[in-house]
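Participant: The structure is given below, and queries will be raised subsequently.
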Amino acid sequence: MTTETQAGDLTDGFHLIIDALKANDIDTIYGLVGIPITDLARLAQAEGLSWIGFRHEANAVNAAAIAGYLTKKPGVAMTVSAPGFLNGLVALANATVNCFPMIMISGSSEREIVDLQQGDYEELDQLNAAKPYVKAAYRINHVEDIGIGMARAIRAAVSGRPGGVYLDLPAKLMGQAMDALKGKQSIVRVVDAAPDQIPSADSVKRALDVLKGAKRPVIMLGKGAAYAQVDADIRALVEKTGIPYLAMSMAKGLLPDNHPQSAVAARSFALAKADVVLLIGARLNWLLSHGKGPTWGGTDQKDWADKKFIHIDISPQEMDSNVPIDAPLVGDIGSCVKALLNGLGDFQKPSEEWTGAIAAKREANVAKMAKTLEANPSPMNFHSALRAMRDVLKTRPDVYLVNEGANTLDYARSIIDMYEPRKRLDSGTWGVMGIGMGYAIGAAVTSGKPVVALEGDSAFGFSGMEVETICRYNLPITVVIFNNNGVYRGCDVNPTGGPEVAPTVFVKNARYDMLMTAFGGVGVTVTTPDELAKALAEGIASGKPTLINAMIDEKAGTESGRISHLNPQSAATKK
Ligand code: ADP
Ligand code: TPW
């Protein structure tokens, strides 16, 4: 409330919702207006919150999700009912799957009409629709409950394993009045929303025993480790133990990618040969081949190789999800890593035989890759374009890199080194397309730093209309589109010879740069690595909304990037 509250004054749902957000230091809402939330958005702005308005709810919710990941405070998104809610739900589910803390607040229509299915404007039982896809879902029915309801949503989003929370606010709630003094007292400022979770002494001892007994240990850092924001302790653990480490995609930069202990360029070798693996905030899901099979030195897909796992995670249920965990270390990463550091004593660093073998493999792989990167084919391919981008981005380690696509994602992940924590934001756990502009906007808004969004041309299409949003808020975002005329590649043909193009093909040589100029930003088409490097450096330095349409050989790349093997194979013999 901006003015002093007097006895007899009234307040209402609109004001208390905003008061509850402000009381918990939430300063930004990502949303899209309409009945019943337009006045709520106006009031938020009038009360000093920032309202970032989007062109599609999925992008607003993605922006809130990445804001949550970057700040450890729940990102907040707001949508209208039924279709707006459903448009946002995909991104809320994605936030939950990726363990990003956020709250999606949607207005909803009249309960009595929804529950009798009598056909209201934008009628949907949103609370129940949300439940399977979120960490928690709540509805506030009475104005007196706004403070406690918001507190519940905030705590659910950030405590324990973070995730997406749905908060349902019926239209009627907003207009409900109550005594202003009582209203003020009903607001809850959440105390210690994500308390430390200390691992048990036994579990720490067990983990240290396994680690100390290792001959060929490896540390795997996941995005949970990046999220925890205990960068110095994680670095100390890696350096004091001398254990080679690998970083999952979004954990890149937690230690600089050129760190001498990085085993990233010897990944296959390290995973197959390690005898002990210390997982820190990384799940043994498909991205890690479920911890078994040939990737891990096993004989077949189901084979648990002869390996010991130490697993640090805040979620006890994550233990033994795919393979038996020899030393579960359940707690928050900060506390677990500190406990390990405290118990290291005179830790024997791994043998030269092990670290030397990894280094040799790494150098051989880097040399092999250098050859591919040096080539200058015309038209440019993924490698030559990424070499140009790598060289520019190396000079600006502070820049956020958002990345999605198939080949564009997979090649960029291995070619573009990261030097600072939490700077690489990408398709994540689902390998989802559509996070691009939402993540870029969320990162730019929360950090004020330049953002580069490197997008496959297909990936960009999922959120491309938000270039208008980028221009409207004049955000320092440079979008680079690897334009190869299609999904994966642009050279497929219709086998019937008919006029309909193949399922993976787009309009050839599209001018995505003109989308950006349409709204007042800078747009440029480039065809060589030098032109790309120049445009990228200018885009970053200018801080102006920029879109670089980088033309890539339509035959470059592979089907589905590095996960071609996940495409089901036809049982019928090929003609
Ligand atoms: P990646 O995709 O990088 O491998 P995942 O998303 O699979 O990472 O794993 C992240 C893990 O980190 C999740 O299992 C989550 O429970 C865990 N996590 C997130 N934050 C914390 C924290 N503060 N402390 C402990 N574990 C955490
Ligand atoms: C929500 C399936 C995975 S990757 C991709 C699609 C459509 C686009 C690949 O083409 P792009 O990249 O972006 O041009 P590149 O570098 O290979 O040329 N719908 C959703 N998520 C996913 N993952 C898909 C579809 C997919």
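Participant: Taking region 173-191, which residues are surrounded by 14 or more Cβ atoms within 10 Å (Cβ to Cβ) and assigned to a helix (DSSP H, G or I)?
Facilitator: Scanning region 173-191 gives LEU173, MET174, ALA180, LEU181, GLY183, LYS184, SER186.
Participant: Taking into account only those residues within region 547-575 that are among the aliphatic types (A, V, I, L, M) and out of contact with any strand residue (DSSP E or B) (no Cβ under 6 Å at 6 or more places or on another chain), which is modelled with the highest pLDDT?
Facilitator: So, considering only residues that are among the aliphatic types (A, V, I, L, M) and out of contact with any strand residue (DSSP E or B) (no Cβ under 6 Å at 6 or more places or on another chain), the one modelled with the highest pLDDT is ALA556.
Participant: Please find, within region 332-352, the residue that is surrounded by the fewest Cβ atoms within 10 Å (Cβ to Cβ) out of those that are out of contact with any helix residue (DSSP H, G or I) (no Cβ under 8 Å at 6 or more places or on another chain) and either under 30 Å from SER159 (Cα atoms) or of a type in the set (Asp, Glu) (or both).
Facilitator: The qualifying residue surrounded by the fewest Cβ atoms within 10 Å (Cβ to Cβ) is ASP346.
Participant: Restricting attention to region 192-225, report how many residues are crowded, with 21+ Cβ neighbours inside 10 Å and polar (S, T, N, Q).
Facilitator: 0
Participant: Return the pair list, or none, for Cβ contacts closer than 8 Å from residues in region 530-552 that are assigned to a helix (DSSP H, G or I) to residues that are acidic (Asp, Glu), at least 6 apart or on different chains.
Facilitator: Close Cβ pairs satisfying both conditions: ALA533/ASP391.
Participant: Tell me which residues, restricted to region 424-451, are within 16 Å of ligand 1 (Cβ to nearest atom), of a type in the set (S, T, N, Q) and either in a helix (DSSP H, G or I) or at pLDDT below 95 (or both).
Facilitator: Correct list: THR429 only.
Participant: Please specify each residue of region 10-31 satisfying the condition of being buried (at least 23 other Cβ atoms within 10 Å of the Cβ) and not in a helix (DSSP H, G or I).
Facilitator: Result: ILE29, TYR30, GLY31.
Participant: Using the structure shown, decide if ASP125 is at pLDDT below 95 and over 19 Å from HIS56 (Cβ atoms).
Facilitator: Considered against the rule, which asks whether it is at pLDDT below 95 and over 19 Å from HIS56 (Cβ atoms), ASP125 comes out as no.
Here's the yes/no breakdown for (1) at pLDDT below 95; (2) within 16 Å of ligand 1 (Cβ to nearest atom); (3) more than 24 Å from ARG216 (Cα to Cα):
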position: SER315; (1), (2), (3): no, yes, yes
position: ASP346; (1), (2), (3): yes, no, no
position: THR355; (1), (2), (3): no, no, no
position: GLU404; (1), (2), (3): no, yes, yes
position: ASN407; (1), (2), (3): no, no, yes
position: TYR411; (1), (2), (3): no, no, yes
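Participant: Considering only region 299-343, state which residues are of a type in the set (Ser, Thr, Tyr) and free of Cβ contacts under 8 Å to residues at least 12 places away in the same chain.
Facilitator: THR299
Participant: Here is a follow-up. Being surrounded by 22 or more Cβ atoms within 10 Å (Cβ to Cβ) and within 16 Å of ligand 2 (Cβ to nearest atom), is that true of even one residue in region 353-360?
Facilitator: The answer is no, given that none of the residues of region 353-360 is surrounded by 22 or more Cβ atoms within 10 Å (Cβ to Cβ) and within 16 Å of ligand 2 (Cβ to nearest atom).
Participant: Follow-up. Do we find a residue being surrounded by fewer than 20 Cβ atoms within 10 Å (Cβ to Cβ) and within 13 Å of ligand 1 (Cβ to nearest atom) anywhere in region 268-286?
Facilitator: yes
Residue by residue, here is whether (1) out of contact with any helix residue (DSSP H, G or I) (no Cβ under 6 Å at 6 or more places or on another chain); (2) under 30 Å from ALA194 (Cβ atoms); (3) away from ligand 2 (no atom under 16 Å from the Cβ) holds:
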residue: ALA228; (1), (2), (3): no, yes, yes
residue: ALA232; (1), (2), (3): yes, yes, yes
residue: HIS290; (1), (2), (3): yes, yes, yes
residue: THR299; (1), (2), (3): yes, no, yes
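Participant: Could you give me the residue pairs with C-beta distances under 7 Å whose first residue belongs to region 179-203 and is of a type in the set (A, V, I, L, M), whose second residue is part of a helix (DSSP H, G or I) and within 15 Å of ligand 1 (Cβ to nearest atom) wherever it lies, and which are 6+ apart or on separate chains?
Facilitator: Filtered contacts from region 179-203: VAL190/ARG155; ALA193/ARG155; ALA193/VAL158; ALA194/VAL158; ILE198/SER335.
Participant: Here is a follow-up. Specify the residue that is surrounded by the most Cβ atoms within 10 Å (Cβ to Cβ); the eligible residues are those in region 73-91 that are part of a loop (DSSP other than H, G, I, E, B) and under 18 Å from the mean Cα position of the chain (by Cα).
Facilitator: PRO74
Participant: Next up: Report the residue count in region 513-526 for those that are touching a Ser or Thr at 6+ places or on another chain (Cβ under 8 Å) and touching a residue at least 40 places away in the same chain (Cβ under 8 Å).
Facilitator: So the count comes out to 2.
Participant: Return the only residue of PRO101, PRO132, PRO83 being within 16 Å of ligand 1 (Cβ to nearest atom) and in contact with a helix residue (DSSP H, G or I) (Cβ under 9 Å, 6 or more places away or on another chain).
Facilitator: PRO101 is the lone residue from the list that is within 16 Å of ligand 1 (Cβ to nearest atom) and in contact with a helix residue (DSSP H, G or I) (Cβ under 9 Å, 6 or more places away or on another chain).
Participant: Output the qualifying pairs, or none if there are none: Cβ atoms under 7 angstrom, residues six or more apart or on different chains, first residue in region 94-111 and more than 9 Å from GLY164 (Cβ to Cβ), second residue within 11 Å of ligand 1 (Cβ to nearest atom) and not in a helix (DSSP H, G or I).
Facilitator: CYS99/ARG161; CYS99/PRO162; CYS99/GLY163
Participant: Something else about it: Just wondering, is there one or more residues in region 456-474 that are buried (at least 24 other Cβ atoms within 10 Å of the Cβ), closer than 28 Å to LEU284 by Cβ and within 13 Å of ligand 2 (Cβ to nearest atom)?
Facilitator: Yes, the conditions are met somewhere in region 456-474.
Participant: So is ARG155 part of a loop (DSSP other than H, G, I, E, B) and more than 16 Å from ligand 2 (Cβ to nearest atom) or not?
Facilitator: Answer is no for this residue.
Participant: Can you tell me which of (1) of a type in the set (Val, Ile, Thr); (2) in a helix (DSSP H, G or I); (3) within 15 Å of ligand 1 (Cβ to nearest atom); (4) in contact with a strand residue (DSSP E or B) (Cβ under 8 Å, 6 or more places away or on another chain) is the one THR295 doesn't meet?
Facilitator: (4)
Participant: All but one of (1) of a type outside the set (Lys, Arg); (2) more than 16 Å from ligand 1 (Cβ to nearest atom); (3) in contact with a Ser or Thr (Cβ under 9 Å, 6 or more places away or on another chain) hold for GLY461; state the number of the condition that does not hold.
Facilitator: That leaves (3) as the condition not met.
Participant: Against the condition of a type outside the set (Asp, Glu), more than 11 Å from ligand 2 (Cβ to nearest atom), assigned to a loop (DSSP other than H, G, I, E, B) and farther than 19 Å from GLY428 by Cβ, how does VAL480 come out, does it pass?
Facilitator: no
The values are calculated or read from the model by the stated rules, or taken from the named source; none is laboratory data. As the structure is a computational prediction, the values presented were derived from the model and not from experiment. Because the Cβ atoms are built from the backbone with ideal geometry, glycine has one as well, and the counts that use them run over all protein chains shown.
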